[in-house]
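What follows draws every value from the coordinates through simple rules; no lab data is involved. Only a predicted model underlies this, so the values are computations on that prediction, with no experimental measurement involved. Virtual Cβ from ideal backbone geometry, glycine too; neighbours counted across all protein chains shown.
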Amino acid sequence: MEFSQSVKDYDIVGIGVSTLDLLTIVKDFSGEESVQKAIDAKFQGGGPVATALVAAAKLGAKVAMIDSVGDDLIGQSILEEFNKYGVITKHIQITPGKTSSIASIWIREGDGQRSIVYRPGSSPELTDDCISLETIKKAKILHLNGRHLQCCLKACSLAKENGVKISFDGGGGRYRSELDPLIPFIDICIVARDFAEKYTKTKNLQNAAQCFLDRGCELVVITDGENGSDIFSKYEENFHQPAFKLEKVVDTTGCGDVYHGVFLFSLISGLTLAQLYPKGLDPGEVSSPREPPFEGLSPFEDKHRIVWCKRASLTGQTEMLDKLEGINFFSRSTASAPATNAAVSSFLS
């Protein structure tokens with residue numbers, strides 16, 4: 001993929017909603033009133049775009065977030081953690097007297113299934129006059145998922161006018177018709193099969209991908225959980241990537257989002273699709289963390305050295321994996337209880 005040759009201040013600028021998540025590992029989900037002791041729990045940041053930016057920043061990308069938060073303790077925590085990982089926050093709008101988004105996520109120990117309760121913040125939606133025009137112009141990639149929609153539409157117009165590639169994250173269960181005007185702007189379109197089927201109104205993946213390509217996308221990836229993913233490109237050969245089968249799932253929270261961040265960083269770094277998806281191996285798994293629960297992407301056993309979170313493998317790029325060690329904010333894909341193997345078998349869950 002060709003990027004603008006003009007000087008850019010940012011590798012990736014993201015527009016989305018940042019959250020603070022309380023992740024709790026439990027034995028089981030009770031359908032009745034009860035009290036149980038958690039196996040472990042930790043506050044960490046969340047949000048699809050926010051997570052992607054932190055992963056990219058950990059690899060060395062210069063990234064900035066555009067969002068709206070309140071001036072409450074939750075908002076302060078989000079900003080502090082962004083700053084900790086080098087995500088530029090000066091474009092985040094802080095509204096006095098308003099709250100920031102928070103989610104409570106229960107993770108079942110036996111199979112990694114989740115139960116999520118989300119409370120949106122009261123901070124106002126960003127409008128098309130809330131963005132810094134120069135920030136968008138000076139990015140190599142604009143990454144978004146449709147939150148702050150009017151802001152996204154304005155930013156996409158500016159990006160197209162200034163040679164900025166636009167990346168879209170279409171998660172499963174997140175399609176809504178209001179997002180349709182965004183698609184013609186998108187260059188890098190990575191969506192769950194559910195999103196693709198609802199947008200294109202077809203269950204045939206080839207036809208669905210062609211629909212995205214016909215509307216201007218250069219690269220389309222349709223993910224399908226344990227069935228793997230299908231990659232379609234205007235410039236490279238299309239192919240199917242089988243899923244990497246795993247023995248144990250611990251927590252999939254944030255996995256697909258980390259994938260987006262590394263995928264974009266890899267494109268900026270000049271890797272081809274063949275390098276991103278090595279033949280015969282699903283680059284989608286992490287194993288054997290040696291860190292406490294929820295401490296993020298930690299060292300892997302040698303046999304897993306070329307695979308990591310959610311199909312975001314960089315074959316032979318072990319130095320990139322090393323840089324991801326110790327992420328403890330926004331990417332919980334290796335979250336596990338002590339002495340267990342973290343395993344994620346779905347993609348963009």
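Miscellaneous remarks
- Within-12-Å neighbourhood charge of Ser122 [Cβ basis; K, R +1; D, E -1]: -1
- Computed from the C-beta positions of Gln5 and Asp180 and an R0 of 30 Å, the FRET efficiency is 0.40 to the nearest 0.05.
- Positive minus negative residues near Lys8 (Lys, Arg vs Asp, Glu; Cβ under 13 Å): +2
- At full extension, Glu161 and Arg114 could sit 12.8 nm farther apart than now, given 0.36 nm per residue minus the alpha carbon distance.
- Counted charge near Ala139, where neighbours are those whose Cβ lies closer than 11 Å (Asp, Glu -1; Lys, Arg +1): +3
- Here the calculated FRET efficiency for Asn204 and Asn83, from their Cβ-Cβ distance with R0 = 45 Å, stands at 0.50, rounded to the nearest 0.05.
- Ser269 versus Thr95: modelled label distance in nm, points set 7 Å from Cα along the beta carbon direction: 3.8 nm
- For Leu22, Leu59, order by how many other beta-carbon atoms lie within 10 Å, fewest first: Leu22, Leu59
- By the beta-carbon count within 10 Å of each Cβ, the least crowded to most crowded order of Lys201, Lys160, Lys8, fewest first, is Lys201, Lys160, Lys8.
- Bridge type composition, the stretch 14-97 - antiparallel percent by DSSP, nearest 5: 55 percent
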